[in-house]
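> So that we are looking at the same thing, I have put the structure below in structure tokens.
None of the figures in this text is laboratory data; all of them are computed from the coordinates on show. Predicted model, so just to flag it, every value in this text is computed and none were measured. Note that we place each Cβ from the backbone using ideal geometry, even for glycine, and neighbour counts take in every protein chain shown.
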Amino acid sequence: MRSRVLLILLFLLLLAASAPAAPAAPRRWLVLASVDTRGRRPFNPDAVFARYLLDPASPPPCEGEVVRGSDGQEARWVAASGDDQGVGGQISYAYAGVECESEQIVLARIPGGGGLFVNGDGFAGDIYAIGHGGVPVPLRKGINHLFVRGARGAFRLEFVDVAPGLRVMEEDATLPDVVTGSAVAAAGVPAAAVVVNASLAPRGGLLPLGVRKMGGVLTPPATPPGSAAWVSGEIGHAFTPEHRGAAEARRITFVSAIDGSVQQYSLLPPSGDARALVLSLHGAGVDALNQARSYSPKEDFWIVAPTNRRPFGFDWQDWGRLDAYEVLGDALRRTGADPRRVFLTGHSMGGHGTWHLAANDPDRFRAIAPSAGWCSFDTYGGRPGGRLDALWRGADGASLTLELVENLAQVPAYVLHGEADDNVPVGEARAMIAALPRARSHLQPGAGHWWDGDAATGADCVDWPAIFDFFREQPAAAAPGTIRFTSADPSIDSKHHSLEVLQPLRYGERLRVEVEGRSVTTTNVRRMRLPPGTYSVDGQEVEVREALFLDGTRWRSAAPPPGEKSPLRSGPFKRAFDRRFVMVYGERDGEAMRRARYDAQAWWYRANGDAAVVSDAEFAAGDFAGRNVILYGNATTNRAFAGVLPPECPIRVEQGSLRAGERRFAGSGLGCLFVHPRAGEAEALVGVVGHTGSSGARLGYNLLFFVSGVGYPDYALFGEQILAAGDEGVLMAGWFDHRWELAH
């Protein structure tokens with residue numbers, strides 16, 4: 001047996017010795033300043049992508065070559081030398097050629113870079129420099145053309161040798177902390193590790209060159225410290241978890257219903273027998289454990305710090321908001337805290353998250369306390385406009401805090417901000433205080449963004465004693481005499497006390513309901529629920545037995561028919577990335593496979609998530625019942641289209657052709673996004689990332705549906721012109737009506 005092991009080790013050593021070493025990363029680059037106005041909008045112009053990457057066979061740039069952007073702005077490619085600190089500053093793209101003596105696969109690490117294109121194929125970058133260990137990329141014999149898109153300051157590129165096949169990465173594991181003296185679960189606790197497939201063939205549930213944050217279980221050592229065994233299926237690795245004292249803040253893991261991934265949050269236990277819970281949202285780049293450690297233990301409060309899926313994540317919007325609710329549910333189960341005594345606070349980006357969550361769910365929190373919080377993307381940073389700006393804003397209507405201020409007026413609020421804040425201007429706090437005259441506030445003289453002093457044992461800017469006194473004095477919530485409710489969309493927020501709104505008349509626009517006694521007035525409401533009884537609804541007397549719906553100009557009472565839109569089954573497009581979604585590409589469509597791989601990597605990077613990606617053949621052979629499906633490609637090349645999209649779907653995408661109702665568009669450079677009910681399922685959705693040909697597929701590298709503040713409605717059809725003129729390249733976009741038909 002021993003001789004057999006030695007032979008295997010000798011073989012592996014010889015294999016490693018014979019494998020070509022990773023080439024040195026380029027030290028000389030060509031860099032280009034921005035020539036296009038980009039930002040948080042669905043379709044950004046990109047003259048560089050159009051010129052060099054839309055067709056991977058395009059010749060690379062030369063030094064001194066001029067690129068002209070959508071607004072007429074020009075820039076030249078200029079030479080830049082990389083060093084240990086990286087390349088560049090404020091650049092939009094960088095290009096370098098790397099010569100290899102033979103084909104090989106390496107790990108590419110690119111801290112500070114937004115994305116990497118290798119001979120035309122896209123791979124996730126590491127724009128926030130979190131140090132994820134790298135992604136596998138293929139290098140061919142001869143010259144390899146590398147483009148780096150976007151940089152957050154300087155970027156660095158490094159190539160690292162990697163053995164062929166599957167590899168478990170040490171970096172970016174999601175592990176629970178072990179509490180000293182506590183019982184260790186024999187079956188282990190949820191944990192996740194990054195697994196890469198450094199080969200050109202599918203392996204272990206991963207695409208060629210795929211990356212997955214795979215969930216498994218970690219069985220900690222019975223006697224700390226020591227390594228723990230992590231197992232996911234047939235893959236295993238040893239990690240060493242952190243150990244904490246019983247009174248210390250610690251990381252806790254759980255399995256998310258969004259994608260089946262393992263997520264974590266941090267918990268600071270109370271010093272007494274607490275029944276109340278404070279949900280504390282961190283700022284940009286702040287680890288959730290450090291957020292929890294910024295507080296001193298409280299006798300009467302549990303402190304719970306979610307992650308927003310990542311330290312930057314989603315600005316507590318989209319899946320960041322959902323993460324906060326998943327964490328809250330898990331923490332309430334673990335702590336036994338009273339769900340009626342939940343308070344919400346946060347700092348900086350977390351202060352914005354506090355406004356955002358409360359504005360879209362005024363019933364949930366007893367009181368809120370944003371610190372150094374900004375109001376919205378439109379007041380802090382701004383978003384570029386365009387021809388379809390109103391449509392995109394409607395699709396991201398939940399982020400428009402001041403348009404939902406009537407909801408916030410019902411939630412007791414304490415606003416904290418430093419008067420000398422040079423990161424989030426104090427004007428953000430003053431605007432909210434002016435809009436909420438009943439809110440309490442404290443603006444600390446001379447204080448900057450993150451500030452501390454002698455007022456609190458923890459950091460003053462979050463552990464401010466007056467905030468916790470304010471929380472303690474809040475009485476139990478009582479049913480209001482008058483219900484006033486505003487919602488951006490029932491899919492975000494549909495319930496307020498005894499009222500539930502099921503459908504608006506027009507999606508993408510705010511709705512409002514006021515209930516005073518038995519008198520009800522509505523704006524932009526089509527279907528809703530009220531307790532049984534007789535009401536005057538918009539001046540009409542109605543006997544309510546079932547849900548109310550507006551039939552023309554008359555309100556009637558009837559149960560909602562099956563199949564129509566509902567708060568649980570609706571757009572906009574981002575809603576498709578839920579219910580343990582699975583990405584499906586056609587095995588005959590290489591561009592679709594590479595696009596799905598890129599999106600799966602982006603989901604891992606931005607959401608700390610795990611996106612399963614399978615071919616249409618694997619999908620047909622597997623069990624994916626009840627799950628949302630993300631389809632890549634078109635009905636010609638992806639056989640899964642026929643099985644999951646019902647025949648009545650008003651949008652159809654095929655090779656060379658795109659149809660929406662009676663309108664037809666032809667060509668190979670078209671793309672589309674839309675969400676629709678999944679055939680044969682009561683609640684699941686289908687999200688389509690469609691294209692009519694190779695260049696249409698490559699347009700998808702410019703989509704931003706995993707970026708907060710970017711709203712896509714139910715559907716959008718577009719062509720290559722988006723790269724030159726943004727919104728002007730959109731062929732059609734909008735909302736399906738309540739029957740999932742094209743709205744007229």
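> Give the whole-number value, in cubic angstrom per residue, of the convex hull volume spanned by the C-alpha atoms of region 573-734.
103
> May I ask you to list the aspartates and glutamates whose Cα is less than 13 Å away from that of K213, ignoring any residue fewer than eight positions away on the same chain?
E170, E171, D172, D259, D610
> Based on other C-beta atoms within 10 Å, arrange I127, I722 from fewest to most.
Least to most surrounded, the residues fall as I127, I722.
> Hey, what did region 573-734 get for relative contact order, percent, Cα under 8 Å, at least 6 apart?
That works out to 22 percent.
> Per DSSP H run of n ≥ 4, the term is -39500 (n - 2.57); total these for the chain, divide by its residue number, and report the mean residue ellipticity at 222 nm rounded to 500 deg cm²/dmol.
Theoretical 222 nm ellipticity from helices: -4500 deg cm²/dmol.
> If you take every DSSP beta bridge whose two residues both sit in region 403-530, what share of them, in percent to the nearest 5, is antiparallel?
Just about 75 percent of them are antiparallel.
> Find the relative contact order for the chain and round it to a whole percent, using C-alpha pairs within less than 8 Å whose residues are 6+ positions apart.
10
> Taking N as the number of residues in the chain, what is its Cα Rg relative to 2.2 N^0.38 Å?
After normalising by residue count via 2.2 N^0.38 Å, the value is 0.98.
> Taking loop as defined by DSSP and a crowding limit of 13 other beta carbons within 10 Å, which chymotrypsin sites (Phe, Trp or Tyr not before Pro) in region 692-744 fit?
none
> Taking 8 Å as the Cα distance limit and 6 or more residues as the minimum spacing, I'd like the relative contact order of region 23-161 as a percentage.
29
> Going by average Cβ neighbours within 10 Å, how do the peptides 682-693, 478-489 rank, with the highest at the top?
Per-residue mean Cβ counts within 10 Å order the peptides as 682-693, 478-489.
> Here is a follow-up. Any idea what diffusion coefficient region 366-503 gets from Stokes-Einstein, in µm²/s, Kirkwood Rh on alpha carbon pairs, 20 °C, 1.002 mPa s?
Reported coefficient: 126 µm²/s.
> Taking H placed 1.01 Å from N in the peptide plane, check which residues at least 5 places from L685 or on another chain put their amide H under 5 Å from its amide H.
N628, V629, R678
> Along each of the three principal axes of the Cα atoms of region 676-737, give the extent in whole Å, ordering the values from largest to smallest.
Taking max minus min along each principal axis of the Cα atoms, region 676-737 gives 41, 27, 22 Å.
> Calculate, in nm to one decimal, what V255 and R588 gain on full extension: separation in residues at 0.36 nm each, minus their alpha carbon distance.
116.5 nm
> Right, another one. Give me the percent of DSSP beta bridges within the chain that run antiparallel, rounded to the nearest 5.
75
> Figure the gain on full extension for L568 and A621 (residue separation times 0.36 nm, minus the Cα-Cα span) and round it to one decimal in nm.
Length gained between L568 and A621: 16.3 nm.
> If you don't mind, another one. Based only on Cα atoms, what mean projected area does the convex hull of region 280-378 have, in nm²?
Averaged projected hull area, Cα only: 5.9 nm².
> Taking K565 as the anchor, which lysines have their alpha carbon closer than 19 Å to its alpha carbon, excluding any fewer than eight residues away along the same chain?
K495, K574
> By average Cβ neighbour count within 10 Å, what is the ranking of 158-170, 402-414, 43-55 from highest down?
43-55, 402-414, 158-170
> Considering the options G453, A331, P504, tell which one lies farthest towards the positive end of the dipole of the chain, charges being +1 on Lys and Arg and -1 on Asp and Glu at the Cβ, about the Cα centre.
P504
> Please turn the phi angles of region 374-382 into ³J(HN,Hα) values with the Karplus equation 6.51 cos²θ - 1.76 cosθ + 1.60 (θ = phi - 60°), one per residue in order, whole Hz, x for glycine and proline.
9, 7, 7, 5, 7, 9, 10, x, x
> Which ³J(HN,Hα) values in Hz, rounded to whole numbers, follow from the phi angles of region 589-595 under the Karplus curve 6.51 cos²θ - 1.76 cosθ + 1.60, where θ = phi - 60° and Gly and Pro get x?
Listing the rounded values in order: 10, x, 4, 5, 4, 5, 5 Hz.
> What whole number of Å gives the distance from the Cα centroid of region 659-686 to the Cα centroid of region 295-329?
35
> Hey, with R₀ at 30 Å, roughly what FRET efficiency would R387 and R152 work out to, going by the Cβ-Cβ distance, to 0.05?
Taking R0 as 30 Å, the efficiency between R387 and R152 is 0.55.
> Next question, about the same structure. How do 582-589, 231-238 rank on mean C-beta neighbours within 10 Å, highest first?
Final packing ranking: 582-589, 231-238.
> A further question on this structure: Taking amide H positions as placed in the peptide plane 1.01 Å from N, state which residues far from T37 in sequence (5 or more) or on other chains have amide H under 5 Å from it.
Those qualifying (amide H under 5 Å, at least 5 residues apart or on another chain) are S70, D71.
> I've got another one for you. Expressed as cubic angstrom per residue, what is the convex hull volume of the alpha carbon set of region 168-246?
With only Cα atoms used, region 168-246 gives 77 Å³ per residue.
> For a quick check: with amide H placed at 1.01 Å from N, whose amide H comes under 5 Å from G165's, ignoring anything fewer than 5 positions away on the same chain?
Those qualifying (amide H under 5 Å, at least 5 residues apart or on another chain) are A198, S199.
> How large is ³J(HN,Hα) for each residue in region 70-77, as worked out from phi by the Karplus curve 6.51 cos²θ - 1.76 cosθ + 1.60 (θ = phi - 60°), to whole Hz, x for Gly and Pro?
5, 9, x, 6, 10, 8, 10, 5
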